[in-house]
1. List pairs: first residue in region 234-246 and free of Cβ contacts under 8 Å to residues at least 12 places away in the same chain and under 11 Å from Asp211 (Cα atoms), second residue open to solvent by 10 Å² or more (accessible area, probe 1.4 Å) and of a type in the set (Asp, Glu) anywhere in the structure, Cβ distance under 8 angstrom, at least six positions apart or on different chains.
2. Going by the conditions given, is Pro219 at pLDDT below 90, under 35 Å from the mean Cα position of the chain (by Cα), open to solvent by less than 40 Å² (accessible area, probe 1.4 Å) and not hydroxyl-bearing (Ser, Thr, Tyr)?
3. Against the definition (surrounded by fewer than 22 Cβ atoms within 10 Å (Cβ to Cβ) and in contact with a Leu (Cβ under 9 Å, 6 or more places away or on another chain)), how does Pro315 come out, yes or no?
4. Let me spell it out: the conditions are (1) of a type in the set (S, T, N, Q); (2) more than 30 Å from Asn571 (Cα to Cα); (3) part of a strand (DSSP E or B); (4) at pLDDT below 90, and Thr500 meets all of them except one. Which number is the exception?
5. Confirm whether Leu30 is buried (at least 21 other Cβ atoms within 10 Å of the Cβ), in contact with an Asp or Glu (Cβ under 7 Å, 6 or more places away or on another chain), of a type outside the set (D, E, K, R) and in contact (Cβ under 8 Å) with a residue 12 or more places away in the chain.
6. Tally time: how many residues in region 318-340 are of a type in the set (A, V, I, L, M, F, W, C) and surrounded by fewer than 21 Cβ atoms within 10 Å (Cβ to Cβ)?
7. Among the residues of region 99-128, write down those that are outside any strand (DSSP E or B) and either touching a His at 6+ places or on another chain (Cβ under 6 Å) or surrounded by 15 or more Cβ atoms within 10 Å (Cβ to Cβ) (or both).
8. For region 488-497, does any single residue satisfy the condition of being under 25 Å from Met363 (Cα atoms), in a strand (DSSP E or B), polar (S, T, N, Q) and open to solvent by 50 Å² or more (accessible area, probe 1.4 Å)?
Amino acid sequence: MSASQSNLSDPHYGYDLVVAVSQASVNATLAQLMAGLSAPEVTLCYVYDNANNLVPIAYSTLVGDARGSDPFSVPSGADPSTNQDLKNLAAANFAGAVRARLGLPNLPLSSLPPIATLGVGSSAPVLFNLLCADFQITGFQYGPRGSASWINQSQPSGSGTPWYFSANVQLNSATLNPNSPVPPAVQQRITQLQNDPTNAFTIQKLFLDLDTAILETTPTLQGIPAGWPVWNLISTVFLGSYFTQLRQNGDPVLSYSFTVASPRPSTLQLGAVARECLPLMNNGQPIVNPTPAQLQAAALVYVGSTATTPPVPVPFGWNWIELADVAAISGVQAVRRDVFFTYLAGLLNPEVAPLCIDTNVTMTHSGEDFTILYSSSTSGSPQSFRPVATIAPPAADGFTTLLALNFNHNAHDDSTSSTHLVEIWGDFNYTLTGSVAVQGNQIRVQVQAQAYMQFAHREVFVNYTDLPGKNYYDKTLTVLYTLGVDQNGALQVTETHNVTDNSAAWDYDPQGILGKFGFENNLKQGVTSVQQNLAAVIDSAFTGYVQQMTATINGYQGWVFPGNDAFTFKNVAFSTGQDLIAQLTYVNPN
């Protein structure tokens, strides 16, 4: 099951907004960070003290003590007994050294491990691989009877396997000062929220807390003797030195999220955000022993609520990112159907009132003379689009109805002459029905207005039907909104509409003696009044929301910034649970 099965209205979830990004996109963020580092370098040098213990020494001090000999410049395999640089280094009690420049190795991307591997759950650590653009280790390996050999090994370049340590690091959140340096997209959002000073906002950053790092594995390096004391010591201190350099630009930030103190649910303002990490599933169960490719489809999931109580993350019954989508998209955004369609109903309902018509029939007599009046006016008690009580399966046309509108007003009157030989009666009923339904990337708004009229009379014992009961006004307006994405990843909402007229032909046929009294104009005035009340309304209602919908859906992107960048839409559609689903790609992908 994929994000197309999203159903956030399920009581197990209830989140208003979900943003899920793949492990691959998390690593793209970290790769950008590593590639953008200004060549920070870790250099660790060790010498023997008088008790033959390994102690650290500054690189510059070492070179000075060794009369200018640089341990990193002496080729591997040089003879310590004849090479003058090695004699100088030995005289300075040099034992060994490592130099590593943080960044991405000069190796094919396919040969690099993921920088981060997500754990499972809301508190599991991330396995962080400490990659280096350059990695070099040198030193003396001492043997029996005073023998020694010289080691100078470097990480492969161009081809081969990179050298790296691995550590478990916790993901932590912290509140950020709005004046702190942030990426441009995040800064733009800060500026937007600062324009509403009545609703205080908070920024949270999600980061790899380097202070929590625990060494997990060390590399096995070709050409480095097993058990070499220098390497053993370097392995214990390299993690701290690496992270000290990495931290010069702050802990690696994976995302920024925004919440406000007084959320307005109608505009999807978030009051709280939580997170979890979810593995790729198969048939609803996490894959055991996933392949490296399957690991890349694991998801870092942000769940947001319009309430201020932090939501409790729980596993979902579907994959947010399928394995086949990892290369094509960065993640997925889902908006709970009730959030979007409550907003949409708020747009539509002000235009419903003019379509709600009260009908009126008045029939009186004076002796044997009758007066007839059919009329209509805008209702003082209009109805509105409301959520359907139970969402039914899609109809035959594939559309699923989410909002419904029902209004009706019936009018009936009758009158009998003074002699009781003649009686008249009539009906004037108005019905307005409507629906808002979705299919794929389309929203359909449909309303049907019908005016039913009937008039009949009796002369002595004979009944006559002068105007058969029919819908003499019957028009249906269909408005179709289509959600799309242009070539630049910007949301596009397009609108088309049409009106179908199934009004019955006027069928007045005066009968009997009374029929000659000329009631037709009075009867026809009823239909005319409906037509006049709905003129220029029924033909264009609900058609003017392209800009509002575009702005609102775009605004859903303004609460969670995974990867620190803005993202663009790839595809937009409704899930089988009628959540609004958007596939996302980073504006600045790696």
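1. none
2. Details: at pLDDT below 90: yes; under 35 Å from the mean Cα position of the chain (by Cα): no; open to solvent by less than 40 Å² (accessible area, probe 1.4 Å): yes; not hydroxyl-bearing (Ser, Thr, Tyr): yes.
Judged against the criteria, Pro219 is not a match.
3. Values: surrounded by fewer than 22 Cβ atoms within 10 Å (Cβ to Cβ): yes; in contact with a Leu (Cβ under 9 Å, 6 or more places away or on another chain): yes.
Considered against the rule, which asks whether it is surrounded by fewer than 22 Cβ atoms within 10 Å (Cβ to Cβ) and in contact with a Leu (Cβ under 9 Å, 6 or more places away or on another chain), Pro315 comes out as yes.
4. Tallying (1) of a type in the set (S, T, N, Q); (2) more than 30 Å from Asn571 (Cα to Cα); (3) part of a strand (DSSP E or B); (4) at pLDDT below 90, Thr500 fails exactly one: (4).
5. Numbers: buried (at least 21 other Cβ atoms within 10 Å of the Cβ): yes; in contact with an Asp or Glu (Cβ under 7 Å, 6 or more places away or on another chain): no; of a type outside the set (D, E, K, R): yes; in contact (Cβ under 8 Å) with a residue 12 or more places away in the chain: yes.
Against the criterion (buried (at least 21 other Cβ atoms within 10 Å of the Cβ), in contact with an Asp or Glu (Cβ under 7 Å, 6 or more places away or on another chain), of a type outside the set (D, E, K, R) and in contact (Cβ under 8 Å) with a residue 12 or more places away in the chain), Leu30 does not qualify.
6. Here is the first cut: in region 318-340, the ones of a type in the set (A, V, I, L, M, F, W, C) are 318, 320-321, 323-324, 326-329, 332, 334-335, 339-340.
If we keep only those that are surrounded by fewer than 21 Cβ atoms within 10 Å (Cβ to Cβ) too, we end up with 318, 323-324, 326-328.
The total comes to 6.
7. Initial filter on region 99-128 (outside any strand (DSSP E or B)): 103-115, 118-120, 122-125.
Hits for region 99-128 are Gly103, Leu104, Pro105, Leu107, Leu112, Pro113, Pro114, Ile115, Leu118, Gly119, Ser122, Pro125.
8. The first filter runs over region 488-497 and keeps only residues under 25 Å from Met363 (Cα atoms), leaving none.
Checked against the condition, which is being under 25 Å from Met363 (Cα atoms), in a strand (DSSP E or B), polar (S, T, N, Q) and open to solvent by 50 Å² or more (accessible area, probe 1.4 Å), region 488-497 yields no hits at all.
The values are calculated or read from the model by the stated rules, or taken from the named source; none is laboratory data. Since the structure is predicted, the reported quantities are computational estimates derived from the model, not experimental observations. We place every Cβ from the backbone using ideal geometry, glycine too, and count neighbours over all the protein chains shown. When the accessible area is computed, the model is the full protein with side chains, heavy atoms only, and any ligands, DNA or RNA have been set aside. Shrake-Rupley method; radii C 1.70, N 1.55, O 1.52, S 1.80 Å.
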